[in-house]
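Encoded as structure tokens, here's the structure I'll be asking about.
The values are calculated or read from the model by the stated rules, or taken from the named source; none is laboratory data. Source: prediction; values computed, not measured. So basically every Cβ, Gly included, is an ideal-geometry build from the backbone, and we count neighbours across all protein chains shown.
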């Protein structure tokens, strides 16, 4: 009897311990990163919607076809290779020809052109009396009718890369594109997250994107010789652009803390001023006279991954540590949760807030440099409406506009949710007008979900 | 205890809650609780924080539904599924946080949601007359055309009561209505409540102030740990009994003051001034001394503490610590010098409610718990665990949000963070406001310990028994000035202090 009761009690404590573990780890995780499930859901959805037949292209496909031919015909194969004059097809035909020669087969002719070019080559072959044993084509050239018009090629076995089924959305090139296009927004959104966590808002980031691009491009064009400028000038220009925006961010912070103006108003004013300044400096025009080295930051890659993506990942790692492990991060949350209690606990409010707005300005500036490097120009029209897109990322990522609640990594998730929806809608051919409607609805749903989960979990008290 | 059964005489009771139980995940909040209230009766509901008073009231108000038990209103069984249903049944609940629209006038608030109108146009005169009528019935004059945020807390309270009356409330529930009121305002409010009683309303009165309960209650129901302890009739309402029933054990001395030999002068304040709030205040506090500062609300007590702490800027005056002049310009400076302030308003000034208790605890101590800007979370957690044990803070784990704790435990978290800061001067502003008897006692013991450890302690309080019982010396303030000093509190009386406080 007693032992039965004991076991019941221990069962109860175990259940309670499990509940405690749940409340300790899973519940905060769902609260902070619940949007991750939405992102995964969207990825799943668009993967299903874009599941189609894929035709391999490029050098991999070329090698594959070469091996196919060699397997069937051996070194005796005499091959006619036909592709379009595109970059992809040239890579395909070149790799195909190289591989065949290496295996010991004969390549009669390599054509990179339109059907008329193919016709000419076939005529030439039959005139010189050379009879091919195989025709190597890709998915597009295999459908040309020219091959059926000549006896030389009509009966030939044709080889093309094997197709397979895979979602367009999940193709490496598409995913890279999505990440690359999101990087600028995501980088700026780090600063915006900090600002919103303190209970503020920074509307000036879009204009700072333009200002940074114009300042650095102008510096290169007018003082460093434009396209002829060297690497050190490019580094100098980049720093100049970023520092300019940091100073403007600092100005935001000073107005908000020392003059006690509301962040919304201050950054609205600065948004107009910074934009006007960018237009004035650039005389309203784009500045394309830039050196090659300038395009590396936005267009280059390191071990196959585009620089903007690497930079984004790095910055998010730093921001995560900053917000979860440092005194500064703790202060940011404290100010956002209850500024008066924070002040009375000895938190240096003014320097912290100025620092937060400087970080936001600095990251907006970096975003502007990356963008102008990607688009290979400085332009006062860059960054238009970026502030709204960035704020949307932060909010969708679960950060409360009231301050004090939210996570930096949530913002990364939020930025990707928006990017994935945009990309998915493009791939599924939804027209741009409807895309806007959907994005607006997503924003509303995100905020609604946020209030729902808060209602469910935060009214429960232990009292 | 349960043999003191309420005599079932008179007409059908206005409210009868029987055998009410309610549990939340992991907590049995209420277990078979009984509550019977008649019309024309003031019924006190007593218990420590966490005893289940709030849950019981929320069940009555339709916010929660009971797991078992019945509720009868005037003999009719009811089951409230929403706050609206309770309101319609004539139950008016006035919570500690008011539900007034601050920018609307008293009249507009009274008729909010039930405006008198024809074709959408307000009939202002009719509303005005009705409001005037209500307030005169309550025996108070409230300015009718002033936004509510300009009214005093006491006046806002009256507006809340009147609002409940416009909704035809038969049973009024008041949750800690007097915590923020001055003694004179308390008297006026109690008179209003007695007036309601003569008009036949039933009143459920929740308060930690047992003297008020003794003064006006006809019966008192006491809860402890979610259980029904019993109901005391008017003749049995004695302070000692109520405390014993609430705490479940005997407390011999409400104020466990221990004498400590005072050391050298720790803190000296000279000619402190700030506008009309603080006018030329000077005093000293010695190591090991508990200096009580009292006076009416608005006398400038809190303001003095805030000036010393650097929370507000002083016009003039100096603060010396251990004979050294301090130039404190912000709370951060004060904390660095070893001065701390436990604010009276924990929710708005003391805690980050939406952050974990560990973060709250660490916030003023990050200088100690960090290297190179990085927080040393393990050390922080270790120190927190130490204080949790020492102060017996009831909290599931270190990551619990501060908002989920009861008032007493919140106060202990605030205490823990300042104890960790190892301050030399500790200023308590209303240290036991809204805290139950048991937790109060623990805080008094802590004040003793701190005095023993040679801290200089300033205790600001409106509760005269507390000031008299716990201080070594008392300063009384009136309109920004120190108007009296009591050197031997053990021989002073409340009347003597009130004399000084009135000026």
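Yes or no: residue B:336 more than 7 Å from chain A (Cβ to nearest Cβ), closer than 18 Å to residue A:349 by Cα and modelled with pLDDT of 90 or more? Give the derivation first.
Numbers: more than 7 Å from chain A (Cβ to nearest Cβ): yes; closer than 18 Å to residue A:349 by Cα: yes; modelled with pLDDT of 90 or more: yes.
Spelling it out, residue B:336 is indeed more than 7 Å from chain A (Cβ to nearest Cβ), closer than 18 Å to residue A:349 by Cα and modelled with pLDDT of 90 or more.
Of these, B:288, B:362, which one is touching a residue at least 24 places away in the same chain (Cβ under 8 Å) and farther than 18 Å from residue A:335 by Cβ?
Details: B:362 fails: farther than 18 Å from residue A:335 by Cβ.
Criteria check complete, one pass: B:288.
Let me confirm something: among A:65, A:30, which residue is closer than 29 Å to residue B:401 by Cα and either assigned by TED's automatic domain parsing to the domain that holds residue A:427 or assigned to a helix (DSSP H, G or I) (or both)?
Values: A:65 fails: closer than 29 Å to residue B:401 by Cα.
Just one listed residue meets the conditions, A:30.
Residues being in a loop (DSSP other than H, G, I, E, B) and touching a strand residue (DSSP E or B) at 6+ places or on another chain (Cβ under 6 Å): count how many of those fall in region A:158-167.
The initial filter retains those residues of region A:158-167 that are in a loop (DSSP other than H, G, I, E, B), namely A:160-163.
Cutting the leftovers down to touching a strand residue (DSSP E or B) at 6+ places or on another chain (Cβ under 6 Å) gives us A:163.
The number of residues fulfilling the criteria is 1.
Looking at region B:456-466, is at least one residue without any contact (Cβ under 8 Å) to a residue 12 or more places away in the chain, surrounded by fewer than 23 Cβ atoms within 10 Å (Cβ to Cβ), assigned by TED's automatic domain parsing to the domain that holds residue B:298 and within 22 Å of residue B:287 (Cα to Cα)? Talk me through it step by step, then tell me what you get.
Applying the first criterion (without any contact (Cβ under 8 Å) to a residue 12 or more places away in the chain) to region B:456-466 yields none.
Checking region B:456-466: not a single residue is without any contact (Cβ under 8 Å) to a residue 12 or more places away in the chain, surrounded by fewer than 23 Cβ atoms within 10 Å (Cβ to Cβ), assigned by TED's automatic domain parsing to the domain that holds residue B:298 and within 22 Å of residue B:287 (Cα to Cα).
Further question: Hey, does region A:362-383 have a residue that's surrounded by fewer than 24 Cβ atoms within 10 Å (Cβ to Cβ), under 30 Å from residue B:337 (Cα atoms) and out of contact with any helix residue (DSSP H, G or I) (no Cβ under 6 Å at 6 or more places or on another chain)?
no
Now for a different question. Which condition breaks for residue B:363 when tested against (1) within 11 Å of chain A (Cβ to nearest Cβ); (2) out of contact with any strand residue (DSSP E or B) (no Cβ under 9 Å at 6 or more places or on another chain); (3) in a loop (DSSP other than H, G, I, E, B)?
(3)
Restricting to region B:287-316, and then to whatever is within 14 Å of chain A (Cβ to nearest Cβ) and in a loop (DSSP other than H, G, I, E, B), can you tell me which residue is surrounded by the most Cβ atoms within 10 Å (Cβ to Cβ)?
The residue in question is B:310.
Quick test of your reading of the structure: residue A:328 fulfils all but one of (1) within 14 Å of another protein chain (Cβ to nearest Cβ); (2) out of contact with any strand residue (DSSP E or B) (no Cβ under 8 Å at 6 or more places or on another chain); (3) surrounded by 24 or more Cβ atoms within 10 Å (Cβ to Cβ). Name the failing condition by number.
Looking at each condition in turn, residue A:328 falls short on (3).
Moving to a separate point now. Just one of A:304, A:298 is touching a residue at least 40 places away in the same chain (Cβ under 8 Å) and either over 30 Å from residue B:369 (Cα atoms) or surrounded by fewer than 16 Cβ atoms within 10 Å (Cβ to Cβ) (or both); which is it?
Just a single option satisfies the conditions, and that option is A:298.
Also, quick follow-up: Considering only region B:366-383, how many residues are more than 14 Å from chain A (Cβ to nearest Cβ) and either touching a residue at least 40 places away in the same chain (Cβ under 8 Å) or buried (at least 18 other Cβ atoms within 10 Å of the Cβ) (or both)?
Here is the first cut: in region B:366-383, the residues more than 14 Å from chain A (Cβ to nearest Cβ) are B:382-383.
Subsequent filtering for residues that are either touching a residue at least 40 places away in the same chain (Cβ under 8 Å) or buried (at least 18 other Cβ atoms within 10 Å of the Cβ) (or both) retains B:383.
Summing the residues that are more than 14 Å from chain A (Cβ to nearest Cβ) and either touching a residue at least 40 places away in the same chain (Cβ under 8 Å) or buried (at least 18 other Cβ atoms within 10 Å of the Cβ) (or both) in region B:366-383 gives 1.
Would you check if residue A:385 is more than 14 Å from chain B (Cβ to nearest Cβ) and at pLDDT below 95?
Numbers: more than 14 Å from chain B (Cβ to nearest Cβ): yes; at pLDDT below 95: yes.
Judged against the criteria, residue A:385 is a match.
Does region B:155-171 contain any residue that is over 27 Å from residue B:213 (Cα atoms), in contact with a helix residue (DSSP H, G or I) (Cβ under 6 Å, 6 or more places away or on another chain) and in the same structural domain as residue B:192 (by TED's automatic domain parsing)?
First, pick out the residues of region B:155-171 that are over 27 Å from residue B:213 (Cα atoms): none.
No - not one qualifying residue is present in region B:155-171.
In region B:339-351, how many are at the interface with another protein chain (Cβ under 7 Å from one of its Cβ atoms) and either on the phi > 0 side of the Ramachandran plot or crowded, with 19+ Cβ neighbours inside 10 Å (or both)? Break it down into steps so the answer makes sense when it comes.
Going through region B:339-351, the residues at the interface with another protein chain (Cβ under 7 Å from one of its Cβ atoms) turn out to be B:341, B:343, B:348-351.
Cutting the leftovers down to either on the phi > 0 side of the Ramachandran plot or crowded, with 19+ Cβ neighbours inside 10 Å (or both) gives us B:341, B:343, B:349-351.
Looking only at that region, the number is 5.
Yes/no matrix, rows are residues, columns are (1) farther than 15 Å from residue B:343 by Cβ; (2) in contact with a helix residue (DSSP H, G or I) (Cβ under 8 Å, 6 or more places away or on another chain); (3) more than 9 Å from chain A (Cβ to nearest Cβ); (4) in a helix (DSSP H, G or I):
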| site | (1), (2), (3), (4) |
| --- | --- |
| B:408 | yes, yes, yes, yes |
| B:411 | no, yes, yes, yes |
| B:417 | no, yes, no, yes |
| B:423 | no, yes, yes, no |
| B:426 | no, yes, yes, no |
| B:435 | no, yes, yes, no |
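Pull up region B:317-333, narrow it to residues that are free of Cβ contacts under 8 Å to residues at least 24 places away in the same chain and assigned to a strand (DSSP E or B), then point me to the one that is nearest to the other protein chains (Cβ to nearest Cβ). Write out each step before concluding.
We begin by selecting, within region B:317-333, every residue free of Cβ contacts under 8 Å to residues at least 24 places away in the same chain; these are B:324-333.
Those left that are additionally assigned to a strand (DSSP E or B): B:324-326.
On the way: B:324: 20, B:325: 20, B:326: 15 Å.
Restricting to residues being free of Cβ contacts under 8 Å to residues at least 24 places away in the same chain and assigned to a strand (DSSP E or B), the top hit is B:326.
Right, something else. Return the total of residues in region A:344-365 being more than 9 Å from chain B (Cβ to nearest Cβ) and more than 21 Å from residue A:254 (Cβ to Cβ).
Residues meeting the conditions: 0.
Taking the conditions exactly as written (touching a strand residue (DSSP E or B) at 6+ places or on another chain (Cβ under 9 Å) and either at pLDDT below 95 or within 14 Å of another protein chain (Cβ to nearest Cβ) (or both)), does residue A:290 satisfy them or not? I'd like the intermediate steps shown before the answer.
Numbers: touching a strand residue (DSSP E or B) at 6+ places or on another chain (Cβ under 9 Å): yes; either at pLDDT below 95 or within 14 Å of another protein chain (Cβ to nearest Cβ) (or both): yes.
Taking the combined requirement at face value, the residue satisfies it.
Now for a different question. Of the numbered conditions (1) surrounded by fewer than 20 Cβ atoms within 10 Å (Cβ to Cβ); (2) part of a helix (DSSP H, G or I); (3) touching a helix residue (DSSP H, G or I) at 6+ places or on another chain (Cβ under 6 Å), residue A:194 satisfies every one except a single condition; which is it?
(1)
Out of curiosity, is residue B:354 part of a loop (DSSP other than H, G, I, E, B), within 11 Å of another protein chain (Cβ to nearest Cβ), more than 25 Å from residue B:454 (Cα to Cα) and touching a helix residue (DSSP H, G or I) at 6+ places or on another chain (Cβ under 9 Å)?
Values: part of a loop (DSSP other than H, G, I, E, B): yes; within 11 Å of another protein chain (Cβ to nearest Cβ): yes; more than 25 Å from residue B:454 (Cα to Cα): yes; touching a helix residue (DSSP H, G or I) at 6+ places or on another chain (Cβ under 9 Å): yes.
Judged against the criteria, residue B:354 is a match.
Show me the strands (runs of 3 or more DSSP E) entirely contained within region A:75-148 in which 2 or more residues are surrounded by fewer than 19 Cβ atoms within 10 Å (Cβ to Cβ). Walk me through how you get there before you give the answer.
Details: elements: A:78-83, A:106-112, A:134-136.
Because the criterion is at least 2 residues that are surrounded by fewer than 19 Cβ atoms within 10 Å (Cβ to Cβ), the strands (runs of 3 or more DSSP E) in region A:75-148 that meet it are A:106-112.
I'd like the residue in region A:224-239 that is part of a helix (DSSP H, G or I) and touching a residue at least 24 places away in the same chain (Cβ under 8 Å) and, out of all such residues, is surrounded by the most Cβ atoms within 10 Å (Cβ to Cβ).
By that ranking, first place goes to A:237.
With B:98, B:80 as the choices, which residue is within 30 Å of residue B:145 (Cα to Cα) and touching a helix residue (DSSP H, G or I) at 6+ places or on another chain (Cβ under 7 Å)? Lay out the reasoning, then the answer.
Working: B:80 fails: within 30 Å of residue B:145 (Cα to Cα).
Within the list B:98, B:80, the selection yields B:98.
Anything in region A:300-331 that is part of a strand (DSSP E or B) and under 30 Å from residue B:365 (Cβ atoms)? List them, or say none.
Residues of region A:300-331 that are part of a strand (DSSP E or B), as a first pass: A:301-302, A:305-306, A:326.
If the condition is that a residue be part of a strand (DSSP E or B) and under 30 Å from residue B:365 (Cβ atoms), then A:326 is the only one that fits.
Let me spell it out: the conditions are (1) within 43 Å of the chain's Cα centre (by Cα); (2) without any contact (Cβ under 8 Å) to a residue 12 or more places away in the chain, and residue A:148 meets all of them except one. Which number is the exception?
Here residue A:148 meets the rest and fails (1).
A follow-up question, please. So if I check each of A:341, A:334, A:282, which one is farther than 21 Å from residue A:408 by Cβ and within 14 Å of chain B (Cβ to nearest Cβ)? Spell out the reasoning first.
On the way: A:334 fails: farther than 21 Å from residue A:408 by Cβ; A:282 fails: within 14 Å of chain B (Cβ to nearest Cβ).
After ruling out the rest, the residue left standing is A:341.
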